[in-house]
Each structure stands twice: as C-alpha cells, then as structure tokens.
1. Is the C-alpha gyration tensor of region 120-261 telling us rounded, prolate or oblate? Criteria: a/c under 1.5 is rounded; beyond that, a/b larger than b/c is prolate, otherwise oblate.
2. Shape call for region 5-48 from the C-alpha gyration tensor, a ≥ b ≥ c root eigenvalues: rounded (a/c under 1.5), prolate (a/b greater than b/c) or oblate?
3. Please report the spacing between the Cα centers of region 48-64 and region 291-320 in Å, no decimals.
4. What does the C-alpha gyration tensor say about the overall shape of region 5-171? Classify as rounded when a/c is under 1.5, otherwise prolate if a/b is larger than b/c, or oblate.
5. If every alpha-carbon in region 269-320 counts as one equal scatterer, what log10 I(q)/I(0) does Debye give at q = 0.21 1/Å?
6. Please give, to one decimal in nm, the separation of the simple spin-label points placed at S72 and H126, each 7 Å out from Cα toward the Cβ.
7. Using modelled backbone amide H atoms (1.01 Å from N, in-plane), which distant-in-sequence or interchain residues come within less than 5 Å of L60's amide H?
8. Please give the FRET efficiency for S162 paired with E237, using the beta carbon to beta carbon distance and R0 = 45 Å, rounded to the nearest 0.05.
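The values are calculated or read from the model by the stated rules, or taken from the named source; none is laboratory data. Note that the structure is a prediction, hence the values are computed from the model and not measured. Here the Cβ positions follow ideal geometry from the backbone for every residue, glycine too, while neighbour counts run over all protein chains shown. Side chains included, ligands, DNA and RNA excluded: accessible areas come from the protein's heavy atoms. Shrake-Rupley method; radii C 1.70, N 1.55, O 1.52, S 1.80 Å.
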Amino acid sequence: MAGPVLVWSEKPGLAEELLGGAAELAKALGAGVSTAVLAAGPEEARAAEELARWADEVLLVEDPKLATPDSSVYASVLAELVGKAGASVVLTGYTLFGREVAARLAVKLKAPCATGCTSLRVKDGHLLVERTVYAGRAIARQALKIGPCVVAVAPRTFEKPSEERGGKVSKVEVAVPGPRLKVLSVKEKEVAGVAVEEADVIVSGGRGVEKREDFAMLEELAKLLGGVVGCSRPIAEDRGWFPFWIGLSGKKVKPKLYIAVGISGAIQHVAGMRDSKVVVAINKAEDAPIFAVSDYYVVGDLYQIVPALIEALKRRKGQA
Ligand SMILES: Cc1cc2nc3c(=O)[nH]c(=O)nc-3n(C[C@H](O)[C@H](O)[C@H](O)COP(=O)(O)OP(=O)(O)OC[C@H]3O[C@@H](n4cnc5c(N)ncnc54)[C@H](O)[C@@H]3O)c2cc1C
C-alpha cells in the first residue's frame with residue numbers, strides 16, 4: 001500500500017482545497033490522507049483541529065522559530081514529516097512561499113517536483129500532472145514517479161473536500177533549525193471586500209476603458225452580479241489605477257464568471273484567467289484574441305454594452 005498523500009499550505013483555506021484533491025489521489029492510490037500544520041504558536045495551531053475533519057491524521061509541529069517565513073526551515077521540517085509519515089505524494093499550494101518550499105523540499109528528499117499544476121491524476125505508479133508553460137502558450141503533461149514526489153498546486157484547482165475523515169491531531173517533535181533570514185518589517189496588504197482570487201464573479205477592465213472614472217460602471221456591473229473588479233496589467237502597472245492585475249505575472253483567478261471588458265486577450269493575460277468556468281468578452285475589434293477563449297462574446301463598444309447590461313440586470317432585479 002502506498003504511503004499517505006501529505007498536504008501542507010501556509011494558508012489554511014488552500015490546505016483545505018488541497019485536501020479535496022488529496023482525497024481523490026488517495027482513493028486512486030489506496031492510501032490515506034495526512035496534513036501538516038506548521039505553527040509558530042497556539043493561534044496558528046488551531047488550524048489543525050479544523051483540518052482534522054478532512055484528513056486521517058494531522059501532523060502538528062509547533063515552534064516559535066516557524067514565525068519567520070524561511071522556506072528552507074519549512075522545507076527541513078516538512079522533509080522530516082514526509083519521512084515519519086512515509087508519504088508517497090506531497091501537495092503544497094502554488095503560492096510564492098509554497099512553490100519555494102516545494103522546490104527546497106524536493107531537493108532535500110531527492111524527489112521529483114512539479115509546480116503550478118492545474119490537474120493531477122494517478123496512472124501506473126506515476127502522478128500525471130498538467131502545468132502551464134511558455135507564458136501560457138502551452139500545457140505540459142508530465143509524469144512524476146510516486147514515492148515521494150512534490151507538487152505545488154495552483155489555487156482553485158480542487159474543490160474543498162465533501163467527505164469528512166475525522167482524523168486525529170498528532171503533535172510531532174521535530175528539531176526546527178534556526179531561520180537564516182530576518183524579517184525587518186511587515187506591512188499588511190489593504191484588501192477591500194472579497195479578494196479577487198476568492199471571487200466567483202470578476203468584471204475585468206483593460207486598456208479599452210479610457211478613464212479611471214469609467215471603471216465605476218464596471219464596479220456597478222460587478223456589484224449587480226455579486227462580484228469584484230479586476231484589470232489587465234497595463235491598467236495597474238502603467239496607469240496605476242489598481243494595486244494588482246490578472247495574468248501570468250499577476251494574480252491567477254478561477255471564478256465562475258469572468259467578464260473581460262476592453263481586454264485584447266494577450267497570452268500573458270489569458271494565462272491568469274483561462275481556467276474561469278464561463279468567460280464573456282466585450283471588445284470592439286472583431287478579431288480580438290480574447291474571443292478565442294470566450295464562451296460568449298459581444299463585438300461592440302464597451303461604452304454602450306456595459307451600460308445596457310447594467311440596465312438589463314437592474315430591470316431583472318426590479319431596481320430600474
Ligand atoms: C513578461 C510579460 C508579462 C506580462 N504579464 C501580464 C499579465 O500578467 N497580465 C496582463 O494583463 N498582461 C501582461 N502582460 C502584458 C500583455 O502582453 C498585454 O500587453 C496586456 O495584457 C494588454 O492589456 P489590454 O488587453 O488591457 O490592452 P490592449 O492589448 O491594448 O487591448 C485593449 C483592447 O480594448 C479594445 N477596445 C478599445 N476600446 C474599446 C471600446 N470602446 N469597447 C470595446 N473594446 C475596446 C481593443 O479592441 C483591444 O482589444 C505581460 C507582458 C509581458 C512582456
């Protein structure tokens with residue numbers, strides 16, 4: 001029987017998603033599901049109780065040295081846990097920190113590693129993964145030998161688990177090495193409302209939107225649909241209207257509905273939103289590349305289409 005599928009993420013919400021995927025892999029492998037919680041103190045350790053619902057066992061390591069986000073320290077601790085649990089597959093989240101830990105962990109374990117994976121399945125003793133490569137122009141399919149292998153999975157690849165496993169929390173004593181980096185200051189990121197990565201509906205604006213004030217209509221449309229506003233990179237980086245953008249070098253999103261307004265559909269933008277369930281594009285150019293990845297599209301002037309959509313939605317909601 002294969003060793004358990006071990007999940008770890010610094011974000012408890014993402015760990016929960018990964019546990020959904022781990023349950024599927026574990027079924028295919030005839031293995032169990034474990035999760036690691038690396039906590040600096042009792043507050044972080046509380047996640048262990050929550051995650052125990054979805055795992056057979058939670059391996060909890062509590063040490064104040066884990067307050068420093070040093071990926072080599074986290075990788076050392078996880079390497080020890082992988083050994084203790086005899087894990088066959090390790091899943092981390094594809095976050096900035098998660099992918100760094102995954103790579104270091106794989107080196108320590110001398111194990112194969114794939115990052116940015118959006119699909120995973122078991123076949124003939126291998127884990128078959130799919131990952132976006134060449135700036136989103138291609139999808140690579142790779143086979144990793146199981147036992148152990150390390151995979152950093154893109155957020156929103158898996159649904160949260162539906163079947164409870166009611167596992168136990170085991171406190172594990174591990175010699176946590178001293179961090180080699182020092183945090184000088186921490187600045188909280190300002191997030192108003194729902195974070196774009198969590199949103200079910202995103203109305204995203206591109207260079208077709210001429211003025212900052214014009215984003216008000218995108219915001220109104222997003223609000224009517226219960227969503228949030230996003231944008232392409234030039235809107236954030238060149239014009240400075242938003243603190244983030246969607247795409248290969250920005251945020252990767254996977255909403256139920258993505259409405260691209262005045263966005264051409266450059267490959268780097270598409271790499272960040274191509275996994276959206278339904279894509280709607282509004283663009284005045286008949287040959288806009290975004291149409292190729294859209295489920296529905298409107299060829300027209302966004303300054304006519306967006307207000308018309310808002311009116312129609314308001315009418316439907318009895319607000320007009
Ligand atoms: C290394 C690298 C990384 C990058 N990473 C990213 C990334 O992560 N995310 C990202 O977004 N970009 C990224 N880019 C930039 C990317 O290549 C494109 O330049 C960018 O996505 C284009 O943004 P846009 O679609 O808003 O603008 P444009 O390409 O200028 O498109 C504007 C669109 O609006 C349409 N339009 C204009 N007026 C109207 C109107 N009135 N009504 C309807 N439609 C209208 C036009 O037909 C056009 O299709 C990256 C580039 C590089 C080199």
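1. Taking the square roots of the gyration eigenvalues as a ≥ b ≥ c, region 120-261 is prolate.
2. Prolate shape, in that a/c is at least 1.5 and a/b is the bigger ratio.
3. 46 Å
4. Because a/c hits 1.5 or more and a/b exceeds b/c, region 5-171 counts as prolate.
5. Here the Debye-derived log intensity ratios amount to -0.82.
6. Computed distance between label sites S72 and H126 equals 3.4 nm.
7. Excluding prolines and chain starts, which carry no amide H, the hits are V37, S170, K171, V172.
8. After rounding to 0.05, the efficiency reads 0.70.
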